[in-house]
Every structure is written in C-alpha cells, then in structure tokens.
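Let me begin by presenting the structure, written as structure tokens, before commenting on it.
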Amino acid sequence: MMKTITLPPRIAALFKKKYTDVVGLELGSGLSGVPAVRIVKGRQGFEIKAVGILDMLDTLPQTLEATNAVENVPAWNLPKAFCATHAAITVSSKWNFLRHTSGPNEEIPEKKKCEYRDLRRIFSPDMPELVAGLPEFQAAWVAQLFPEGHAPTACSLQISQLAIMNSFNQHPAVKSATGSSVGLFVSSQSTALVAFQNRLPVLYREFPLGTTHVQQEVASKMQLAPILVQQLLDEDAMDASPYFEAILKPLFRQVEIMNDYLSRRRNAPAANYFISGALLGARYWHAMFTKIVGKELIHCRPFEGIPMAKDAVVLPAKLESVESLFTSAAGAALAVMEES
C-alpha cells in the first residue's frame with residue numbers, strides 16, 4: 001500500500017523501513033514533463049544520482065468521473081538513471097489543501113464533493129491542528145503508475161505544499177539556525193508563509209502573489225512584454241526598485257503579521273527569515289525585504305548541502321538557473337529518507 005501523505009521530518013510519523021535509494025517525482029507541475037530527483041544515501045550521507053525533467057505525460061484527472069479511466073493507466077517505466085528502488089511522489093493539484101482547523105472536530109468541506117485522503121496533526125496542545133488532503137481519485141490514479149512489484153515501487157504520496165516545506169527544513173542554513181523563523185515558499189501563483197518554532201510549523205498561510213503575478217505586474221507598469229522584463233532583470237539592465245516595492249509590500253506585511261504571532265502568542269519572535277522558490281528579480285526581493293521588514297532574507301536553494309554523485313546524470317544544461325523547479329521532487333525524496 002502507498003503511504004497517504006508524508007509530512008516533513010519531525011512532523012511526520014516515523015517510517016520503519018529504511019530507504020536508501022529514492023526518486024522523487026512531482027506530478028501536475030504544469031511543466032512539459034515530470035521533475036525528477038534521484039537521491040541515494042551512503043556512508044558519506046546523501047548524494048544526487050540524477051536530476052532532470054522527464055519526457056512523460058502526467059495529466060492528472062481533474063474530475064471524479066475521470067476515475068473510470070484509472071484502470072487503463074499503464075505503469076511508468078523511468079529512464080535507467082532515474083530508476084531507483086523506491087519512488088516518493090508529490091502531487092501539485094488545485095484539489096490539494098493544507099490549512100489549520102478551528103478545532104479537532106471540524107469537518108472537511110471538500111469531502112462533500114468527493115472522497116479525500118487526509119492527514120491531521122497537532123504538534124502541541126496550544127497549536128491549531130494542521131490538516132492536509134488530496135482527492136482519492138487522484139491518489140488512485142497516481143498509485144497505478146507505480147504498482148507493487150514494479151521498480152520503482154511507490155513508498156510515499158505527498159502534496160506539493162508539504163514536500164516543499166520538507167525540502168526547506170533540510171536546508172543546511174535552516175538546520176543550523178536557532179530560534180523561531182518565518183519561511184516564504186514562492187510558486188508561480190502564490191506564496192506560502194509559515195511560522196516555525198523549533199522547526200515545527202505553528203502558523204500556515206497562503207498569499208495570492210507568485211512569480212507569474214510579479215512578472216505580469218512589473219511588465220504592466222513598465223509597458224513591456226513579460227518575457228522582455230525577465231530578460232532585462234536577468235541582465236540587471238535597469239533599476240526596477242519602485243515597481244517591486246509596490247508589488248512586494250503587501251506580501252512582506254504578511255511576514256510582519258507572522259512575526260507578530262510568534263512574538264505575542266508564542267513568546268518567540270522570529271530570529272531568521274528564509275525564502276525559497278523561483279524569484280524573478282531576486283535582488284529586489286532581498287532589498288525590499290530589508291527596507292520593509294528591516295531584516296535579512298536568506299535564500300534557500302534546494303540542492304545546497306547535497307553533493308552530486310561522481311556519476312550523476314544531470315539533464316538541465318544550466319541546473320542552477322532552473323533548480324527551483326525541482327524543490328518539490330527533492331523534498332518528496334528527502335521526506336522518506338530522513339525518516340528511515
């Protein structure tokens with residue numbers, strides 16, 4: 001049986017089985033392929049064995065009626081370099097949810113529409129319960145891709161929000177930090193903000209501002225095509241500070257609200273501020289954060305602290321420029337390996 005949903009280390013229930021060779025795969029990424037990261041665990045620790053966007057179709061069923069086609073889904077055969085012993089799968093879907101509940105007996109409204117796999121965790125008696133969910137029809141579809149007895153065998157099914165949090169929690173800067181912190185996880189359509197105390201999530205929120213919105217807003221203000229704006233920012237050919245300040249200010253005000261929660265409700269003000277994801281105009285994010293919040297913003301890249309194996313297969317020609325695309329896949333693999 002495939003695990004339902006995997007939470008980050010120190011958050012998830014422990015796995016009894018030891019996983020030393022796992023390929024993390026993100027389904028529903030919206031890319032023209034499947035982000036995949038194979039990680040192996042040896043005497044010297046973790047190493048990346050393979051990383052790339054696999055040329056495979058991962059169109060998730062989007063309606064309950066689509067479950068009728070589940071039985072016709074063929075098992076996937078991964079390229080040799082990515083064919084690990086086990087697969088940790090993370091799903092990016094509009095049907096996913098991750099949020100706090102108002103009480104232990106609160107019903108999940110999504111279950112009125114269809115059956116869900118869900119997981120609830122209370123990390124402390126004075127913390128709100130955190131609940132995550134994925135539709136059963138999507139989970140069943142994914143399970144058909146990696147059946148038992150077929151390598152790689154699925155060992156974990158996660159939602160992307162948690163896989164990204166796990167990748168963040170394994171970053172060297174985060175693991176060595178002391179005190180409470182606030183993390184920002186930037187995706188194309190939104191940014192998740194999480195307040196951590198002792199690396200446990202005590203407050204989770206999502207703000208409707210992502211990389212795509214930033215690019216479109218800057219392009220609109222400058223009256224340029226979005227693709228041209230990205231090129232100009234990459235080349236550092238202009239000063240876009242005024243545009244970024246107006247766009248990012250509401251998001252960074254939310255960071256101050258998170259810190260206020262840590263200070264007033266937890267008596268543990270944030271000592272560190274971290275960010276991960278694809279940051280369009282990264283230097284402006286950092287500069288505006290310092291100006292608005294008055295603190296340093298530490299950028300966490302998904303592969304920092306995990307060396308490449310000598311014989312690693314790296315498909316992207318310039319991995320550093322696209323490494324944020326693999327955050328969820330890497331986090332999915334690390335989740336099960338850290339817990340074994």
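Looking at region 4-36 only, could you name the residues that are part of a loop (DSSP other than H, G, I, E, B) and either modelled with pLDDT of 95 or more or touching a strand residue (DSSP E or B) at 6+ places or on another chain (Cβ under 7 Å) (or both)? Answer for region 4-36, where residues must be part of a loop (DSSP other than H, G, I, E, B) and either modelled with pLDDT of 95 or more or touching a strand residue (DSSP E or B) at 6+ places or on another chain (Cβ under 7 Å) (or both): THR4, ILE5, THR6, LEU7, ARG10, ILE11, TYR19, THR20, GLY28, SER29, LEU31, GLY33.
Of the strands (runs of 3 or more DSSP E) lying entirely inside region 83-173, those containing at least 3 residues that are out of contact with any Ser or Thr (no Cβ under 7 Å at 6 or more places or on another chain) and within 26 Å of VAL194 (Cα to Cα) are 97-100, 116-121, 130-135. Looking across region 140-161, the residues that are of a type in the set (A, V, I, L, M) and over 22 Å from SER187 (Cα atoms) come down to ALA140, VAL142, ALA143, LEU145, ALA151, ALA154. Screening SER160, SER181 for residues that are among the polar types (S, T, N, Q) and more than 30 Å from TRP76 (Cα to Cα) leaves exactly one candidate, SER181.
Within region 200-207, does at least one residue satisfy the condition of being crowded, with 19+ Cβ neighbours inside 10 Å, of a type outside the set (Asp, Glu), out of contact with any Leu (no Cβ under 7 Å at 6 or more places or on another chain) and touching a residue at least 60 places away in the same chain (Cβ under 8 Å)? Among the residues of region 200-207, at least one is crowded, with 19+ Cβ neighbours inside 10 Å, of a type outside the set (Asp, Glu), out of contact with any Leu (no Cβ under 7 Å at 6 or more places or on another chain) and touching a residue at least 60 places away in the same chain (Cβ under 8 Å), which makes the answer yes. The set of residues from region 97-144 being of a type in the set (Val, Ile, Thr) and open to solvent by 40 Å² or more (accessible area, probe 1.4 Å) comprises just one member, ILE122.
Take the residues in region 21-44 that are over 10 Å from SER328 (Cβ atoms) and among the polar types (S, T, N, Q), then tell me which one is least open to solvent (accessible area, probe 1.4 Å). For region 21-44, the residue satisfying everything is SER32.
From the list SER241, SER220, the one residue that fits, being hydroxyl-bearing (Ser, Thr, Tyr), open to solvent by 50 Å² or more (accessible area, probe 1.4 Å) and free of Cβ contacts under 8 Å to residues at least 60 places away in the same chain, is SER220. Exactly one residue out of THR85, THR63 is modelled with pLDDT of 85 or more and of a type in the set (Ser, Thr, Tyr): that is THR85.
The values are calculated or read from the model by the stated rules, or taken from the named source; none is laboratory data. Predicted model only: the values in this text are computed from it and were never measured. FYI the Cβ positions are ideal-geometry reconstructions off the backbone, even for glycines, and counts take in every protein chain you see. Ligands, DNA and RNA are excluded from the accessible area calculation, which covers all protein heavy atoms including side chains. Shrake-Rupley method; radii C 1.70, N 1.55, O 1.52, S 1.80 Å.
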